[in-house]
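Reviewing the structure listed below.
The values are calculated or read from the model by the stated rules, or taken from the named source; none is laboratory data. Worth saying up front: this structure is predicted, and the values here are computed from it rather than measured. Glycine also receives a Cβ, built like all others from the backbone with ideal geometry; neighbour counts cover every protein chain displayed.
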Amino acid sequence: MTLIHPMSAKKGRRKHIPQRTCVVCRRTFPKRELNRIIRTPVGDVVYDPTGKAAGRGAYLCNDLACWKKAITGNFLDRALKTKLTPAHRAALRAELERRKTLHGRTSDNG
Ligand SMILES: [Zn+2]
């Protein structure tokens, strides 16, 4: 069954962009602007820079405050239905530190 809304056909076609929600601040963003954290099939929780790794995924926005909360709080535990170990948190913290450095360097893009 297909419903066609006469109004919606008018505007220029936009490609459908998949939206995802940051697990911390609950804001939605285009998927490609978010950072994917996955629970791998063996139960590790890792940052997935490709966005394509197999596993259950949770998304974090680029707000470093969200990363901090995700690392110290239980957002990822809940989203991934697992228990983050100190090692998992340490690895995510390393990624956060890397981002802090990046942020300090690039000020203008846009
Ligand atoms: Zn966020």
- Give Lys83, Lys68 a once-over and let me know the one that is modelled with pLDDT of 95 or more, closer than 15 Å to Arg99 by Cβ and surrounded by 10 or more Cβ atoms within 10 Å (Cβ to Cβ). Lys68
- Note on the structure: Looking across region 75-84 at residues that are part of a loop (DSSP other than H, G, I, E, B) and touching a residue at least 24 places away in the same chain (Cβ under 8 Å), the single one that is nearest to the ligand (Cβ to nearest atom) is Leu84
- Report, ordered by the first and then the second residue, all pairs with beta carbons closer than 9 Å, sequence separation of six or more or different chains, a first member in region 16-27 that is over 24 Å from Lys68 (Cβ atoms), and a second member that is more than 6 Å from the ligand (Cβ to nearest atom). Ile17/Pro30; Ile17/Lys31; Ile17/Arg32; Pro18/Pro30; Pro18/Lys31; Pro18/Arg32
- Item | Pairs, first within 16 Å of Arg20 (Cβ to Cβ) in region 58-74, second within 8 Å of the ligand (Cβ to nearest atom) and in a helix (DSSP H, G or I), C-beta under 6 Å, six or more apart | Leu60/Cys66
- Message: Going residue by residue through region 31-45, is there one that turns out to be of a type outside the set (S, T, N, Q), within 15 Å of the ligand (Cβ to nearest atom) and in a strand (DSSP E or B)?
- Response: yes
- Query: Does region 56-107 hold any residues that are at positive phi and among the hydroxyl-bearing types (Ser, Thr, Tyr), and which are they?
  - Reply: none
- Of all residues in region 16-27 being more than 8 Å from the ligand (Cβ to nearest atom) and surrounded by fewer than 14 Cβ atoms within 10 Å (Cβ to Cβ), which is nearest to Ala58 (Cα to Cα)? Gln19
- Item | Selection status of Asp63, away from the ligand (no atom under 16 Å from the Cβ) and at pLDDT 95 or above | no
